[in-house]
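Take a look at the structure below.
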Amino acid sequence: MARLDPHSCNDAAQPEVTHLDWKARVDFAARVIEAEATLELLSAGQGPLDLDTRELTVHGVFGEDGAKLAYSLAPAEPVLGSRLRIELPAGTRRVRIAYRTSPQASALQWLTPAQTAGGKQPFLFSQCQSIHARSVVPLQDTPRVRIRFRAEVRVPKALRVVMAAGFVRREEQGDEAVETFEMPQAIPPYLLALAAGELVSRDVGPRSRVWAEPSVVEKAAWEFGGVDAMLLAAEKLFGPYEWDRFDVLTMPPSFPYGGMENPRLTFLTPTLLAGDRSLVNVLAHELAHSWTGNLVTNANANHFWLNEGFTVWAERRIQEALSGADVAGLHAALGRRGLEKAIAGFKDHPEWTRLRTDFAGVDPDEAYSEVPYEKGFLFLRAIEEVVGRPAFDAFLRKYLDAFRFRSITTEDFTALVDKELPGVLAKVNAQEWIDGPGVPANAPLARSARLEALQALGTNLPADEVAKRWTPTEWSLYLESLPHPSSREACAELDRRFSLGKSGNYEVLVSWLSLAASSGFEPAVPRVEEVLGKVGRMKYLKPLYTALATNSATRENARRCFEKHKDSYHPIAQQVIAGILKKNGA
Ligand code: BES
Ligand code: ZN
């Protein structure tokens, strides 16, 4: 038996699934999906076929000619879920599994009409990364194994279905509609994605449209209106876009991430709708994943930095091309602060601050942090500094070419660096970057004239004329650089002069509220609680709950707030925040 992914029961000696045919009926009343999954194998198998599942109810498993096949569902393991073992008779190329999901499926969030912008229709969406696809479809839920798929999804007629796939058709039958999708490119299972709700779209470019609820769509179409320019800039940097369309879906506020790079249909949090396009670096990031992540994919969570570190690097190159090096430099500086904070937060887990990790037995959602993003970015920048930008850009093209539509490990990466850029790994001290904790001393520093001006200010308050010219990124960087906690007087002065609690930019708002809450500045607490009731993006929930819970005066507020709002958070966020509260005795 060879298990090559610590988060999957997939046995590398068994035949690989290459294609999924999914027929699903979405039942909003019962909060379940009734489904049939037909899995096609690369080669005919015999004997056990192990699949990952989580809280699925299996009705039956059938072979080639419809004959019932023997199967067993193992007891659930804490992180992995339950292994579904199917006994394949000799010559089996295809199995069909009839099953239903659980109302608690970890990938799915079911929203009542009242939890949507329109208030009339329910909403369902999935978030499968890292290991939640198994709560929707029984699969070899490891990015080592890529699949193509076809899906037919049945919903109430008032709803639209969207998937990270090509749209084929919509047919209405009685009270229901069946929407068909086809995904011709092979994807890792964590990129399976669907949403259903009252959704409309606006075209914003020849290859792109923006989906959202009707009351949000105009705002979203404007905010993300630069997407085609981004696509063109990215293609110039990284080569042709391989996924046909690049559409985006504006999610309900409870979406647990800023963005998710579901192929052909990026999911984005509505907290990006600042009204001034100041947060579109997240869009650039998800677009960049079309090359780094979706084309070249980490083989498992131990090599997650290959997905995110490369993508942060690519995001900042797009940003530099469109907005200049100064802006990209400010973002890099902000990233560096986030990295230091993440490392400090992992003082009990220094091994989680390596680039190559060992997450056997560890829930990837629990170990999630900015480390693979920003340390990965710095490692690539360190290599770039040694070889120069032209040579590094040429290497990147070779990397994308060598590993396109494949799933790779850190060792595959270092082997290619050794071949294409001999001697460089030793020069940058790659060993320390990859297997050592923290940030090596040769980490490149962010450069930007505006960054220097900020650094010169230190912890002093900015003059009004200076502050007036600050972008939201400069505000975030300034706030993140102040001591946590600061004095209440300093908070009061900031509040009085700049009213940051009214900022329409969530990065600025949450940086301010985290500072205020961790400094015991009580007047900010109601606003903190308001934000915790409005958004479910973990990047905001985590620092705000942490600030409230680490402070004895507000620990009770954290507990009460979570009790009140937890049902409106995605299952992944519920689990992560419960962990934070527990750790802080709230
Ligand atoms: N793929 C990630 C989101 C993710 C990672 C979901 C791991 C589940 C498990 C996505 O591309 C991402 O990194 N989003 C960031 C964007 C930011 C770095 C610009 C986010 O959500 O904040
Ligand atoms: Zn990412």
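State, as an integer percentage, the relative contact order of the range 67-120 based on alpha-carbon contacts under 8 Å between residues 6 or more apart.
Details: 28 pairs, mean separation 11.3, N = 54.
The normalised contact order for the range 67-120 reaches 21 percent.
Multiply the residue gap between Arg93 and Glu172 by 0.36 nm, knock off their C-alpha separation, and tell me the result in nm, one decimal place. List each step's numbers first, then the result.
On the way: separation 79, 0.36 × 79 = 28.44 nm, distance 3.27 nm.
Length gained, Arg93 through Glu172: 25.2 nm.
Report relative contact order for the chain in percent, whole number only (criteria: Cα-Cα under 8 Å, sequence separation at least 6). Don't skip to the answer; put the middle values down first.
Numbers: 1167 pairs, mean separation 63.5, N = 586.
Rounded, it is 11 percent for the chain.
Post the alpha-carbon centroid distance, the range 132-187 to the range 1-51, in whole angstrom.
The range 132-187 and the range 1-51 have Cα centres spaced 15 Å from each other.
Whole Å is fine, so just give me how far the alpha carbon centre of the range 211-263 lies from that of the range 531-586.
After rounding, the separation between the Cα centres reads 29 Å.
Applying a 10 Å radius around every beta-carbon, put 383-396, 84-97 in order of their mean neighbour count, most first. Walk me through the intermediate numbers first.
Values: 383-396: 15.9, 84-97: 17.9.
Result, highest mean Cβ count within 10 Å first: 84-97, 383-396.
Report the Stokes-Einstein translational diffusion coefficient (µm² s⁻¹, integer) for the chain, Rh taken as the Kirkwood radius over Cα pairs, at 20 °C with viscosity 1.002 mPa s. Write down the numbers at each step before the final one.
On the way: Rh = 24.8 Å.
D = 86 µm²/s.
Based on DSSP, what percent of beta bridges with both residues in the chain are antiparallel, to the nearest 5? Don't jump to the answer; show the numbers that get you there.
Details: 69 of 86 bridges.
Close to 80 percent.
Please compute the contact order of the range 1-57 in relative form: average sequence separation of alpha-carbon pairs under 8 Å and at least six residues apart, divided by the residue count, as a percent.
On the way: 71 pairs, mean separation 19.8, N = 57.
Result for the range 1-57 is 35 percent.
Straight distance only, please: which aspartates and glutamates reach the Cα of Lys68 with their own Cα at less than 16 Å, same-chain residues fewer than 8 apart left out?
Qualifying aspartates and glutamates at Cα under 16 Å: Glu36, Glu87.
Throughout, read-outs are computed from the coordinates displayed, never taken from laboratory work. All values derive from a computational prediction rather than experimental measurement. Here Cβ is always computed from backbone atoms with ideal geometry, including for glycine, and neighbour counts include all displayed protein chains.
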